[in-house]
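Have a look at the structure below before the remarks.
The values are calculated or read from the model by the stated rules, or taken from the named source; none is laboratory data. On a predicted model such as this, the values are computed, not experimentally measured, just so you know. Ideal geometry is used to build each Cβ from the backbone, glycine not excepted, and the neighbour counts take in all protein chains shown.
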Amino acid sequence: MRVAVIGASGTIGGPLTAALSAEHDVVGVARNPGPVGDAGVEWVAADATDSDAMRHALDGVDVVYHLVHSLGASNFEALDRAAATAVAGGAAAGGARQIVYLGGLGEAADELSPHLRSRAETATILEAASVPVTVLRAAMIVGAGSAAFETILALVERLPIMICPRWVSVETQPVALADVLAALFGVCGNKATYDQTFDLGGLEVMTYRMMMERVARQRGRHPVLVEVPFLTPRLSSLWLYLVTPASVAVARPLVEGLRIPTTARDDRIWSLLGVSRTTFDQAIRSALLERD
């Protein structure tokens, strides 16, 4: 099959593009592809919000992966909306048989943060097109380069004492990057996944506090976490900016979404694809080995 990965130079898009290229003809689409590292990939420099560029890049493609989002831009919601519209139009015009979209858990909540609202809106726009869509909704992805994981790691490495907002007691279900990649790879051209939405959660449900404590132990650290009720999402994002690599533009919308539980409602995707999930501690060790 001919497969296009939009966002092929990203943390998820990079390894997914490499894996897909072993079995398919792959078009890697990115604004700045950089040096071509895989001779088996056809690289296209294009902006996902450009409708004409998407029609050109997706012409004759069977499966389209939509992995880009504009978090960090002040108008990220408008950019994500434009990208979804351009990708849906390009996929339909090019005769695609499937669009695969990676969104986030928590999108079904009643009160969404701007970030989660944008992710849900992207799925809605893609699903309105004439091409069958497979939506994968992931909790926090544990892997080197994941913005959320890198933020957690930076916090536990830099702060021996943390004054934490209430969102550290919210439940989440972190999932290993390797498992997300396995799911993305497994749904490619899989008709049983067409027009379906799947939750990607790891083996354990835990609070963000528990997650930070587990990551800290892997680093040989034992931070003291003190929860207080008065750190607003805005103050939390500024706090993160002071102690982590994340910019305020990225941190704030991420933190605003942390007040919503992000747990999987079902885990049928793993049995459908025959994927054995990675434990949280194994995922941390793999991420740290790759970083170090």
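Do we find that VAL27 is crowded, with 16+ Cβ neighbours inside 10 Å, at pLDDT 95 or above, touching a helix residue (DSSP H, G or I) at 6+ places or on another chain (Cβ under 6 Å) and not charged (D, E, K, R) in this structure? Criteria not met by VAL27. Scanning segment 265-288 for residues that are in a loop (DSSP other than H, G, I, E, B) and loosely packed, with under 14 Cβ neighbours inside 10 Å turns up ARG265, ASP266, GLY274, SER276, THR279. Give me the residue from segment 137-147 that is outside any loop (DSSP other than H, G, I, E, B) and buried (at least 22 other Cβ atoms within 10 Å of the Cβ) and, out of that set, farthest from the chain's Cα centre (by Cα). Out of the qualifying residues, it is VAL142.
Restricting attention to segment 178-210, which residues are in a strand (DSSP E or B) and surrounded by 16 or more Cβ atoms within 10 Å (Cβ to Cβ)? Result: GLN196, THR197, PHE198, ASP199, LEU200, MET206. For residues that are aliphatic (A, V, I, L, M) and part of a loop (DSSP other than H, G, I, E, B), scanning just segment 46-70, find the one that is nearest to ALA138 (Cα to Cα). Only one residue fits best here, namely LEU67. Identify, please: which residue in segment 152-177 is surrounded by fewer than 20 Cβ atoms within 10 Å (Cβ to Cβ) and touching a Ser or Thr at 6+ places or on another chain (Cβ under 6 Å) and is, among those, farthest from VAL224 (Cα to Cα)? So, considering only residues that are surrounded by fewer than 20 Cβ atoms within 10 Å (Cβ to Cβ) and touching a Ser or Thr at 6+ places or on another chain (Cβ under 6 Å), the one farthest from VAL224 (Cα to Cα) is GLU171.
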